[in-house]
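J.: Just passing along the structure, written as structure tokens.
The values are calculated or read from the model by the stated rules, or taken from the named source; none is laboratory data. Remember, predicted model here, so these are calculated numbers, not experimental data. A quick note on method: Cβ atoms are made from the backbone with ideal geometry, for glycine too, and the neighbour counts reach across all protein chains shown.
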Amino acid sequence: MNEIALRFAQHLSAEASRLGDLSIVLSQLAMAGKLIARELARAALIGQLGQTGRVNIQGEQVKKLDLWANETVVQALQASGLVSVVVSEELDEPLYLGEGRYVVCIDPVDGSSNLDVNGIVGTIFSVRPRQGAGRQAAGGDAMQPGTAQVVAGYIMYGPSTVLVYTAGRGVHAFTLEPGLGEFIRSHEDIRIPKRGRIYSVNDGNASLWPHGVQRFIEYLRAPDKATGRPYTARYVGSMVADVHRTLLEGGIFLYPALAEADGTRRGKLRLQYEVAPMGFIVEQAGGWASTGSERVLDISPTSPHQRVSIMLGSYDDVKLAEEFMTGRR
């Protein structure tokens, strides 16, 4: 990589007139990403793998790195002096930090089931302007729809560490150059292909999918040269990794609502700090993000940890999936 290429700090400086103090929030998130990347690289050697013994509000076992990464991101945001409320997968309730201007929703370590096998994980973030004032307004501020987002992004920790973000004017990616300790621009104004050749879904849940999803996946698997089928299946088990591939190569990522024992259906991924930020990014790149029946960014949350179904990616692929879900095909 050319070392004189644009650095993230330079990019933020160039965008300062439009971003304003959001550039400070983004700088703090980038710093937290560098710290998390360093900790992940040595986690197995310093005893940071494994579980804490704690169960979060999602009913999931909390891993040591989940907790450490959450504290790292919260401290970075608090140091900015601009963040009032933090909503996190690892916090039962919204965390009030003071009278800042922004609400930040985070998944500190997305795909943490991959940690113990050295798999790809990531950090997802979403920034919304604060609407209320005082500690009592924190709950309402935490439940704004995705259309309120002013910034969304993720940091992917893989063979390289990549920061991808949008502030409502395109999607840009910066790759961490370890020797410099700097994020360097590697992708400018990312555009997702209008149609892809890859689908990403947890096939182990196939029997629990809605009938429309089952039919859609069967359609993608059926050979037909005229429509470019069959599609190739790829699934990492980290939303960041699967969406990043979809963003660059096209196709569709799905996590449909699953049938429960009582006959109801329940989504798995969380709206505020997984689905909404990824939906914002994908739409800014020219794609689409849907529950199968409605645009995800239009959903008004009923709780900070609300779960929803999601299908996002190439515009044509997601629109086709919607046709199967709604019975139009």
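J.: Quickly run through region 160-187 and pick out the residues that are closer than 14 Å to E15 by Cα and not basic (K, R).
T.: The answer is Y165, T166, A167, G168, G170, V171, H172.
J.: Tell me which residues, restricted to region 88-126, are of a type outside the set (D, E) and under 12 Å from the mean Cα position of the chain (by Cα).
T.: Answer for region 88-126, where residues must be of a type outside the set (D, E) and under 12 Å from the mean Cα position of the chain (by Cα): C105, I106, P108, V109, G111, V121, G122, T123, I124, F125, S126.
J.: Would you call I252 of a type outside the set (D, E), in contact with an Asp or Glu (Cβ under 6 Å, 6 or more places away or on another chain), at pLDDT 95 or above and outside the structural domain of G158 (by TED's automatic domain parsing)?
T.: The answer is yes for I252.
J.: On the given criteria, is A152 assigned to a strand (DSSP E or B) and of a type in the set (G, A, S)?
T.: Yes: the conditions hold for A152.
J.: If you don't mind, another one. In region 126-179, how many residues are over 16 Å from L297 (Cβ atoms), in contact (Cβ under 8 Å) with a residue 60 or more places away in the chain and in contact with a Ser or Thr (Cβ under 6 Å, 6 or more places away or on another chain)?
T.: 4
J.: Just one of G181, G134 is over 19 Å from I24 (Cβ atoms) and outside the structural domain of R234 (by TED's automatic domain parsing); which is it?
T.: When all the criteria are applied, what remains is G134.
J.: Would you confirm whether or not region 223-231 contains a residue that is under 23 Å from the mean Cα position of the chain (by Cα), modelled with pLDDT of 95 or more and not assigned by TED's automatic domain parsing to the domain that holds I124?
T.: The answer is no, given that none of the residues of region 223-231 is under 23 Å from the mean Cα position of the chain (by Cα), modelled with pLDDT of 95 or more and not assigned by TED's automatic domain parsing to the domain that holds I124.
J.: Turning to a different aspect of this structure: I'm checking my understanding of the structure. Among residues of region 32-57 that are among the aliphatic types (A, V, I, L, M) and loosely packed, with under 15 Cβ neighbours inside 10 Å, which one is modelled with the highest pLDDT?
T.: For region 32-57, the residue satisfying everything is A41.
J.: If you don't mind, another one. Determine whether T302 is farther than 16 Å from A152 by Cβ, β-branched (V, I, T), in contact with a strand residue (DSSP E or B) (Cβ under 8 Å, 6 or more places away or on another chain) and touching a residue at least 24 places away in the same chain (Cβ under 8 Å).
T.: When the stated conditions are applied, T302 does not pass them.
J.: How do the pairs read when you match residues in region 197-208 that are more than 19 Å from D317 (Cα to Cα) and at pLDDT 95 or above with residues anywhere that are among the charged types (D, E, K, R) and surrounded by 13 or more Cβ atoms within 10 Å (Cβ to Cβ), using Cβ under 9 Å and keeping only pairs 6 or more apart or on different chains?
T.: N205/K268; L208/R265
J.: Would you check which residues across region 308-329 are touching a helix residue (DSSP H, G or I) at 6+ places or on another chain (Cβ under 7 Å), under 25 Å from V127 (Cβ atoms) and either of a type in the set (A, V, I, L, M) or free of Cβ contacts under 8 Å to residues at least 60 places away in the same chain (or both) and list them?
T.: V308, I310, M311, L312, listed by residue number.
J.: Next question, about the same structure. Restricting to region 156-178, name every residue that is in contact with a Leu (Cβ under 9 Å, 6 or more places away or on another chain), not hydroxyl-bearing (S, T, Y) and not in a strand (DSSP E or B).
T.: A167
J.: Is it the case that R191 is part of a loop (DSSP other than H, G, I, E, B) and modelled with pLDDT of 95 or more?
T.: In short, yes.
J.: Select, from G287, G263, G292, the only residue that is at positive phi, in contact (Cβ under 8 Å) with a residue 60 or more places away in the chain and not aliphatic (A, V, I, L, M).
T.: G292
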